[in-house]
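What follows is a short report on a single structure.
Throughout, read-outs are computed from the coordinates displayed, never taken from laboratory work. Fair warning: this is a prediction, and the values are worked out from it, not measured in the lab. Positions of Cβ are generated from backbone atoms using ideal geometry, with glycine treated the same way; all protein chains shown enter the neighbour counts.
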């Protein structure tokens with residue numbers, strides 16, 4: 001098969017896939033994309049061979065260092081420039097703002113936008129020749145380009161108390177607080193760091209913002225002690241067969257729940273409770289998070305890093321999310337001064353020793369480091385060994401070498 005025959009075969013296969021995606025009674029994204037000037041040929045070719053047809057490209061916009069993504073197709077026939085823009089906390093857009101963004105996209109792009117990604121909104125396929133003009137226009141809308149490069153990425157929060165009954169602190173306010181914190185705000189679009197920095201805010205241990213594994217600094221709502229139980233409502237649910245005690249006991253990962261034969265209900269051991277929220281999701285509102293609300297601070301999480309994916313490790317239990325500001329800036333300073341390019345904060349903590357590094361700046365936290373959350377199952381899980389585990393395995397290996405070496 002010649003190169004031309006191969007291209008024709010790919011084109012034909014891609015066309016058939018697009019035709020399939022436009023079939024059926026539901027609205028098709030392909031039909032909508034065809035209404036724009038988006039290079040649908042590149043999209044269909046990628047579907048046909050099962051891999052993207054885009055390579056990373058380059059672009060230069062005066063006085064702007066982050067917030068745009070340039071790329072070109074592998075055959076060099078198409079190129080595009082995307083603008084990432086900061087979204088509001090919880091991604092709550094006023095319809096007026098959405099209309100302005102759509103009008104902007106019609107004027108400077110293809111009329112295609114993305115507003116639901118955790119990495120901010122996106123204006124898809126801008127006209128590169130009008131990029132300088134577009135920067136001024138997007139700022140006049142009340143937002144700005146941002147969220148690419150070796151800088152602060154757009155911070156993400158779950159919807160928090162706006163829509164969720166489980167939220168244990170105001171995640172929207174917390175995100176706004178850190179986005180406008182002067183040392184951060186003044187450097188949102190500056191390429192300062194070895195790699196990107198992410199902050200995420202989840203209102204409860206269900207972690208809808210994925211703060212435990214996708215953030216350099218994660219904030220997760222939690223509480224001290226046992227869940228709060230409305231015993232009358234719980235008994236009523238049991239009598240009506242709306243919930244089963246056996247399931248509550250079985251699905252508690254730490255075995256904190258047991259049957260109370262005297263009352264016909266349950267007992268919860270506060271020392272064993274891991275805050276998994278399995279019982280709360282099943283029995284709510286008869287079982288709710290405890291009243292002594294806190295915020296768990298984690299550090300070092302990332303999906304892509306030099307040493308592989310890492311869950312965030314627990315640092316401290318906070319009374320208020322704002323208490324972590326000084327600690328965060330000190331950790332960033334250590335990372336910025338001594339880490340090579342493309343090392344995430346989690347990589348630095350892994351190499352230097354998590355406990356050693358955190359304890360060196362622990363005076364900036366409101367509580368002693370011993371106050372870190374040791375019981376939260378979602379928080380303590382990690383793809384990387386703790387310092388104590390590494391030391392234990394090292395001693396084990398030394399003993400083996402000593403035993404068999406002799």
Query - Between segment 44-93 and segment 179-209, the Cα center-to-center distance that results, in Å - result: 22 Å
Report summary line: FRET efficiency (residue 341, residue 94; Cβ distance; R0 41 Å; to 0.05) is 0.55
Query - Whole-number Å³ per residue for the convex hull built on Cα positions in segment 3-52 - result: 73 Å³
Requested in this report: Find the relative contact order for the chain and round it to a whole percent, using C-alpha pairs within less than 8 Å whose residues are 6+ positions apart.
Outcome: 11 percent
Query raised in the report: In degrees from 0 to 90, rounded to the nearest 10, what is the angle of the helix 3-21 Cα long axis to the longest principal axis of the chain?
Result: 60 degrees
Query - Computed [θ] at 222 nm, deg cm²/dmol, the chain (DSSP H ≥ 4; -39,500 (n - 2.57); rounded to nearest 500) - result: -10500 deg cm²/dmol
Requested in this report: State, in angstrom, two size descriptors of segment 1-112 derived from its alpha carbons: Rg to one decimal place and Dmax to the nearest whole number.
Outcome: 17.2, 54
Query raised in the report: Which residue, 161, 289, 205, has the most motion in a Gaussian network model of the chain that connects Cα atoms within less than 10 Å?
Result: 161
**Report entry** Percent of Cα-Cα distances greater than 18 Å, calculated over segment 204-315
**Finding:** 54 percent
Query raised in the report: Relative contact order of segment 3-52: what whole-number percent is it, with Cα pairs under 8 angstrom and at least 6 residues apart?
Result: 47 percent
Query raised in the report: What percent do you get for the relative contact order of segment 142-272 when only Cα pairs under 8 Å and 6+ apart count?
Result: 19 percent
**Report entry** All-pairs Cα distance distribution in segment 228-288, expressed in whole percent, bin size 5 Å
**Finding:** 4, 20, 34, 30, 11, 2, 0
**Report entry** Per-selection metrics, segment 56-140 (Cα): Rg and Dmax in Å
**Finding:** 12.9, 40
Query raised in the report: In degrees, nearest 10, range 0 to 90: what is the angle between the Cα axis of helix 95-108 and the longest Cα principal axis of the chain?
Result: 40 degrees
Query raised in the report: If each Cα of the chain is one equal point scatterer, what is log10 of I(q)/I(0) from the Debye formula at q = 0.08, 0.10, 0.14 Å⁻¹?
Result: -0.58, -0.85, -1.22
Query - Along principal axes, Cα extents of segment 51-96, largest first, whole Å - result: 40, 31, 17
Query raised in the report: What is the helix-to-structure angle for 40-49, meaning the angle in degrees between its Cα long axis and the longest Cα principal axis of the chain, kept from 0 to 90 and rounded to the nearest 10?
Result: 60 degrees
Query raised in the report: Modelled label-to-label distance, residue 51 and residue 180, 7 Å Cα→beta-carbon offset: nm?
Result: 4.7 nm
